[in-house]
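Every number in this text was worked out from the coordinates using simple rules, so none of it is lab data. Keep in mind that what you see is a predicted model, and the values were worked out from it rather than measured. Cβ placement follows ideal geometry from the backbone for every residue including glycine, while neighbour counts extend to all protein chains displayed.
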Amino acid sequence: MPFLSRIAVIGPTAIDLVGGLGLAGNVVSRTAGMAWRSHGREVAETDVGGLVKPTCAIAPFHASHAGHAGAVGQARHVLAVTPSIIVADTTCTDCLSGGTVSVIEGAVRIVAIGRPPLASCLDLILAVGMALGVPDRGGALHQHRVARMLALRMHVARYLVRTSGARRPVVIAARSDGGEWRVHDDVRAHEVVDAGGGMTAGTPGALLDPATVQALRPDIILAGTDGRDTGDTVSRARAIGLYRGVTDAQSWHADWDALLGSSGPFVVDAVEAAIRATLPAALGANGTPPRPDLLKRITPGDD
């Protein structure tokens, strides 16, 4: 299939899926994300005329896209390597045509990938495998990842049902926002915590101060940053956790970009990390912590 010979991937889900399908060797351009996109939120892009307009990662490559004219400069570094197909993340309804995966034909073939709810994320594997002409690989990867997700969910359910006194821990998913802390406003954060056996507390987007944290009575605090804030979140996470005397909850530093960025096969790893931080007994007595690049326990010795 010659159109697979040179693949450009844009966005964490595209990277995850193309790699998972065994096509990493065909990638000629790899971009983790565009400046205007963070976890599926469309933010403002200013064109040369000073006008602010919404756009998406696909707009620069899709001549009929409403945002194309103001974004063509963003495409140059990708088109310079002459890809035969572009696989890109987007939440743009025009690009997705009402689905979660859409193929756009033009000067360069584009596979647009949406951001479905966690429960249907793994179906993207089948759809993208078909769009890239590798349905057998898609089917095998889908079967493997679905089986692992099901096993994780069964471990959690079995533990809660069979263990006397077991309950779902109350979890605050917090992100730093310009020096303040707020309940994470990305629905995926709450989906991952729920799949990991926890119950998220607080209103998404609500400001977190000591009184609010105390009132929510969390068992676990997952506090971190995403691409909108690059500050020292480990030290600031302590300010809303155990070590300032607000609550006796366990505190974890969360890399929200890593945990929530992909809607591809990696969602299974994100759920497993959540279980290992919030309900580790569900996975046995070995005490294996989550991957530290995803969730890292905050201790009194942390700066």
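Worth a mention:
- For Glu105, Glu272, Glu180, the sequence from fewest to most other C-beta atoms within 10 Å is Glu105, Glu180, Glu272.
- Whether segment 100-249 is rounded, prolate or oblate, judged on the alpha carbon gyration tensor where a/c under 1.5 counts as rounded: oblate
- The fewest-to-most ranking of Leu207, Leu122, Leu216 by surrounding Cβ atoms within 10 Å reads Leu207, Leu216, Leu122.
- Sorted fewest first by neighbouring Cβ atoms within 10 angstrom, Ser262, Ser64, Ser97, Ser102 come out as Ser64, Ser97, Ser102, Ser262.
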